[in-house]
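The values are calculated or read from the model by the stated rules, or taken from the named source; none is laboratory data. Just so we're clear, the structure is a prediction, and the values are computed from it rather than from any experiment. Positions of Cβ are generated from backbone atoms using ideal geometry, with glycine treated the same way; all protein chains shown enter the neighbour counts. Side chains included, ligands, DNA and RNA excluded: accessible areas come from the protein's heavy atoms. Shrake-Rupley method; radii C 1.70, N 1.55, O 1.52, S 1.80 Å.
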Amino acid sequence: EGEPAVNGRSGFVDVTRNSYYEDAVTWAADNDIVNGTGNLTFSPNANVTREQMAAILYRYAQYKRYHISASASLTGFSDAASVSTYAKTPLSWAVAEGLVKGTDGRLLPKGSATRAQVAAILHRFVENIVKCSPKAPLGNKGRLDFDQAHPPHLLFIQCCWYDNRKGTRLRGREREVR
């Protein structure tokens, strides 16, 4: 994708003008991929938490119009109650898509992501989301428009199948061929 054009500034008072990250923050904020840590602050030198990373990837998937309706219960993680409200849907999606697996039965949502964890999650994002993204028209909220899909009830998309009767991605043995 390169470096998309940016107009204006981010609106965050702590994003330094002409810094190496200013255009990236401005673009991501303008496209609702990142939010601030306060009304006017971005906290560019703070570490990213695991729940923030899930939220950023979720919003980027929305921006790219990737499939985002997958959802998994977080109750199997002992610290599920500590997930911030804004991060519940993104973490549920990330768990359902296999991006986030947890550590010893915990999500550690407020913990910083290590470089190794970031690399693993980004790799899974590419493998599970980008490579399995629909090549058919998408409707509202990243869902496939099956009126444009052929055959009418199943659509093969690179490594995944989508079933329009359930609006879900099918994996492995769940595939049905007609």
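For THR49, state whether it is touching a Pro at 6+ places or on another chain (Cβ under 9 Å), among the polar types (S, T, N, Q) and modelled with pLDDT of 95 or more. Reasoning before the result, please.
Numbers: touching a Pro at 6+ places or on another chain (Cβ under 9 Å): yes; among the polar types (S, T, N, Q): yes; modelled with pLDDT of 95 or more: yes.
Criteria met by THR49.
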Can you go through GLN62, GLN52 and tell me which one is open to solvent by 50 Å² or more (accessible area, probe 1.4 Å) and closer than 15 Å to ALA113 by Cβ? GLN52
Step by step: first the residues of region 72-113, then only those that are outside any loop (DSSP other than H, G, I, E, B) and of a type in the set (Ser, Thr, Tyr), then the one that is nearest to GLU127 (Cα to Cα). Which residue is that? SER92
Of the residues ALA72, ALA80, ALA87, which single one is under 23 Å from THR114 (Cβ atoms), touching a helix residue (DSSP H, G or I) at 6+ places or on another chain (Cβ under 9 Å) and surrounded by 21 or more Cβ atoms within 10 Å (Cβ to Cβ)? ALA87
Residue that is most open to solvent (accessible area, probe 1.4 Å) [pool: residues in region 15-41 that are touching a helix residue (DSSP H, G or I) at 6+ places or on another chain (Cβ under 9 Å) and more than 22 Å from SER82 (Cα to Cα)]: ASP32
